[in-house]
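Peer 1: Take a look at the following structure, please.
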Amino acid sequence: MSDLNGKRILIFVGDDYEDLELQYPKYRLLEAGAEVVVAGVEAGKVHQGKHGYPQKATAAVRDLSASDFHGLVIPGGWMPDKLRRYDEVKDITREIHEAGKCVASICHGPWIDISSGIVEGATYTSTPALTDDLRNAGAKWVDQEVCVDGNHVTSRRPDDLPAFCRAMLEVMGA
């Protein structure tokens, strides 16, 4: 598959990311021909996943521009609760969304979407722990393996990754 040749996709990373929710989409995107940029608050820092898998941030979010990306993937774990405290993370998320590009969030990933102000009026799924957060931010929450609403792609947990990645690739144009 090479439908994303020449497209750059941003994936957020930080300590305590959900290992599978970063690695599985990353490799599916690479298989589709995309260039994947894994970015955190600090370039070069190696982050540990919840299950111990290391992932290096190849870029700092503050050095990136939304216009350089075709989409965004936000893995879950405890990472989103930490990253949503940074304006540059919220800004690039909002800018990618406002440009109509795919924002794919899984598990606890929608915490960043909520803090970025992009969920109002959208239908989302997530880990059930975020049900109240999403509803209070104006989203409709549904319990299903994947939910696509415009440029939003969301899923609940690692077991949903096959459906999440299929939907993400479809919305990204692969």
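The values are calculated or read from the model by the stated rules, or taken from the named source; none is laboratory data. Being a predicted model, the structure only gives us computed values, none of them experimental. Glycine also receives a Cβ, built like all others from the backbone with ideal geometry; neighbour counts cover every protein chain displayed.
Peer 1: Filter the stretch 55-77 for residues that are farther than 23 Å from ARG166 by Cα, assigned to a loop (DSSP other than H, G, I, E, B) and in contact with a Lys or Arg (Cβ under 8 Å, 6 or more places away or on another chain) and give the result.
Peer 2: If the condition is that a residue be farther than 23 Å from ARG166 by Cα, assigned to a loop (DSSP other than H, G, I, E, B) and in contact with a Lys or Arg (Cβ under 8 Å, 6 or more places away or on another chain), then ALA57 is the only one that fits.
Peer 1: May I pose another question? Being in contact (Cβ under 8 Å) with a residue 12 or more places away in the chain and of a type outside the set (Phe, Trp, Tyr) is the filter here; which residues of the stretch 160-169 pass it? Spell out how you get there, then give the answer.
Peer 2: If we filter the stretch 160-169 for residues that are in contact (Cβ under 8 Å) with a residue 12 or more places away in the chain, which is where we start, we get 160-161, 163-169.
Of everything in the stretch 160-169, those that are in contact (Cβ under 8 Å) with a residue 12 or more places away in the chain and of a type outside the set (Phe, Trp, Tyr) turn out to be ASP160, LEU161, ALA163, CYS165, ARG166, ALA167, MET168, LEU169.
Peer 1: Could I ask something else about it? May I ask you to list the residues in the stretch 120-138 that are out of contact with any helix residue (DSSP H, G or I) (no Cβ under 8 Å at 6 or more places or on another chain) and in a loop (DSSP other than H, G, I, E, B)? Can you show your working first?
Peer 2: Initial filter on the stretch 120-138 (out of contact with any helix residue (DSSP H, G or I) (no Cβ under 8 Å at 6 or more places or on another chain)): 120-123, 125, 127-129, 131-132, 135-136, 138.
Of everything in the stretch 120-138, those that are out of contact with any helix residue (DSSP H, G or I) (no Cβ under 8 Å at 6 or more places or on another chain) and in a loop (DSSP other than H, G, I, E, B) turn out to be GLU120, GLY121, ALA122, THR125, THR127, GLY138.
Peer 1: Under the condition of being among the hydrophobic types (A, V, I, L, M, F, W, C) and without any contact (Cβ under 8 Å) to a residue 60 or more places away in the chain, which residue from the stretch 17-30 is surrounded by the fewest Cβ atoms within 10 Å (Cβ to Cβ)? Quick ask: steps written out before the conclusion?
Peer 2: Residues of the stretch 17-30 among the hydrophobic types (A, V, I, L, M, F, W, C): 20, 22, 29-30.
This time we only want the ones that are without any contact (Cβ under 8 Å) to a residue 60 or more places away in the chain, so: 22, 30.
Values: LEU22: 26, LEU30: 13.
Only one residue tops the list, namely LEU30.
Peer 1: So which residues in the stretch 109-136 are within 12 Å of ARG84 (Cβ to Cβ) and surrounded by fewer than 21 Cβ atoms within 10 Å (Cβ to Cβ), if there are any at all?
Peer 2: Listed by number, the residues that qualify are GLY117, ASP133.
Peer 1: Here is a further query. Quickly run through the stretch 105-124 and pick out the residues that are within 13 Å of PHE164 (Cα to Cα) and out of contact with any Phe, Trp or Tyr (no Cβ under 7 Å at 6 or more places or on another chain).
Peer 2: Restricting attention to the stretch 105-124, the residues satisfying the condition of being within 13 Å of PHE164 (Cα to Cα) are 105-107, 109, 124.
If the condition is that a residue be within 13 Å of PHE164 (Cα to Cα) and out of contact with any Phe, Trp or Tyr (no Cβ under 7 Å at 6 or more places or on another chain), then SER105, CYS107, GLY109 are the ones that fit.
Peer 1: Run down LEU64, LEU72 and say which single residue is surrounded by 14 or more Cβ atoms within 10 Å (Cβ to Cβ) and more than 16 Å from VAL153 (Cβ to Cβ).
Peer 2: Working: LEU72 fails: more than 16 Å from VAL153 (Cβ to Cβ).
Answer to the check: LEU64.
Peer 1: Being modelled with pLDDT under 95 and either assigned to a loop (DSSP other than H, G, I, E, B) or surrounded by 21 or more Cβ atoms within 10 Å (Cβ to Cβ) (or both) narrows it down to one of GLY14, GLY44, GLY33, GLY52, so name that one. Break it down into steps so the answer makes sense when it comes.
Peer 2: Details: GLY14 fails: modelled with pLDDT under 95; GLY44 fails: modelled with pLDDT under 95; GLY33 fails: modelled with pLDDT under 95.
Unique residue meeting the criteria: GLY52.
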